[in-house]
Amino acid sequence: MKSPSLAFKCKTQNSSSVQEFLNSVTKTVENTQEQFDAIPKLSLEFPYRHCFESDVTRFVNQAVKSNVQELNLILKNGDHNLNAFLQRDNHDFHDIFPLPPFLKWNSFLEKLNLSMCSFDSVQEIKWVFLKELKIGHICLGTENNSYIEKIVAGCPVLEVLELCSCWGFNKLNFDNLTTLNKFVLNGIWPDYEKDCEILTISAPSVKILEILGNIDKMNLVLENMGNCVEAKIDYFWTYGEHNQQSGGCSINILQQVFNTLKDVQILTCGTWIIEIMSRKCETNVPFDLQKCNSLTLHTQVEYRYQRGILHFIESCPNVETLIIRASRSHPKCEICIYDCVVDDSKGLIVDDSSNDTATHEIRRSEYSENLGFRFKILKIFGCGEGAHYGNLPPFLKYLVDNANCWKKIVIE
């Protein structure tokens, strides 16, 4: 009989109910261990508090004894007080689970997912067969000392690394990790008491790169991305005083980011990036993305986004597949670059900065009428029920009409 995988999840905040849940987890794993020599996968997810440390330690010990290959330890702040969580030093805040030493040299782990688990001594880590590592909601260093490079140094065959809402670093150097194929950075908890910092990422072996979520007050700089062939750049800054510099400064930063990704063949960009690139700026020149043949844009097609959309299309002169997925900006990162308002009485979009009351059809004349796009496949999602060429917005018709070699058009 095949060894089972076990997954345990608890949502309640009541301490006594959580304790009953954890007691049940312990018994279930013990019963399974009596029947099987190994358990390939174990998952535990619940609202963690310091009083449950011994229970989680017992669970981790069971996982080690079961030669588990995939371990998911997804602990959540039991009080749901993230502000307090972020304001306190990692070593002073008790509701974080300290990884026990016996897990740090496990020789069976191949996949590991940790959330709110602290690394007290990263030098001891030795996960010789670990291929996928995900770390979330934890401090990964101090101002002058990043832990993450030391953690991955103990993972000689690591292929996938994801950091989710972590903080405590401004440089990620993976130059010595030659096996790393995919890196995902999904948000960074910001320190609003500090000025804007530079976040440098160097990953010469990475083939797939994803920069997602809120990276407030971090100016992204990419280095050594020559092997990257697929990238998803869908990060944002939230609205606030620090976001007022989202003009030429951010455009210059994005110029560096995308020019570093010049060998990318598959590119996906998010709404905030497209909004920024829609600003009129002297430094807003096309990126060097000659090798890109598939471009996906998560964006609306209103006027305020159109310059950014065309910027990416013109930056990818050899793109054959264009996918536009209509998606609204996250409400926390909405920035009205053109201060646009809708005049419902006339059905027009008004740009307060220029007092221009032209419709989309007229504004389309800003762009070349014969760009000669090389699209072979166009996919448009989010146009509403019953969408077809005849009722497409004028801007999308413009893209269709200026392509020279269509083979397939999908409108949903």
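Worth a mention:
- Under Karplus coefficients 6.51, -1.76 and 1.60, residue-wise ³J(HN,Hα) of the stretch 128-137 in Hz, glycine/proline x: 6, 10, 6, 10, 10, 9, 10, 10, x, 6
- Distance (nanometres) between label positions extended 7 Å along Cα→Cβ at Ile409 and Ala7: 4.2
- Sorted by Cβ density within 10 Å, fewest first, the residues Asp120, Asp263, Asp216: Asp120, Asp263, Asp216
- Gain in span if fully extended, Ser202 to Ser16, counting 0.36 nm per residue against the direct Cα distance: 62.3 nm
- Near the amide H of Asn219, within less than 5 Å, lie the amide hydrogens of Glu197, Ile198, Leu199, all on another chain or at least 5 residues away, with H placed in the peptide plane.
- Listed from fewest to most Cβ neighbours within 10 Å, the set Met218, Met277 follows the order Met218, Met277.
- Theoretical FRET efficiency, 1/(1+(r/R0)^6), r = Cβ-Cβ of Asn227 and Lys397, R0 60 Å, to 0.05: 0.95
- Each residue, Ala153 and Glu34, gets one label point 7 Å from its Cα in the Cβ direction; the gap between the two is 4.5 nm.
- Rounded to whole numbers, the Karplus 3J(HN,Hα) couplings from phi for the stretch 199-205 are 10, 9, 10, 10, 8, x, 9 Hz, using 6.51 cos²θ - 1.76 cosθ + 1.60 with θ = phi - 60°, and x at Gly and Pro.
- Of Lys11/Lys182; Lys134/Lys291; Lys41/Lys182; Lys11/Lys150; Lys27/Lys76, those spanning more than 27 Å from alpha-carbon to alpha-carbon: Lys11/Lys182; Lys134/Lys291; Lys11/Lys150
- Cβ-Cβ FRET estimate between Arg58 and Asp175, R0 fixed at 35 Å, reported to 0.05: 0.35
- Estimated distance in nm for a label pair at Ser107 and Gln290, the labels positioned 7 Å out from Cα along Cα-to-Cβ: 5.0
- Charge context of Val157, other residues only, Cβ under 11 angstrom, K/R +1, D/E -1: -2
- With R₀ fixed at 51 Å, the C-beta to C-beta distance from Gln265 to Ser24 puts the FRET efficiency at about 0.55.
- Couplings 3J(HN,Hα) of the stretch 19-26, computed from phi: 5, 4, 4, 5, 4, 5, 4, 4 Hz, in residue order, whole Hz [Karplus 6.51 cos²θ - 1.76 cosθ + 1.60, θ = phi - 60°; x for Gly and Pro].
Just so you know, all these numbers are worked out from the coordinates, no wet-lab data involved. If you're wondering where the values come from, they're calculated on a predicted model, not measured in any experiment. Note that each Cβ is placed from the backbone with ideal geometry, even for glycine, and that neighbours are counted across all protein chains shown.
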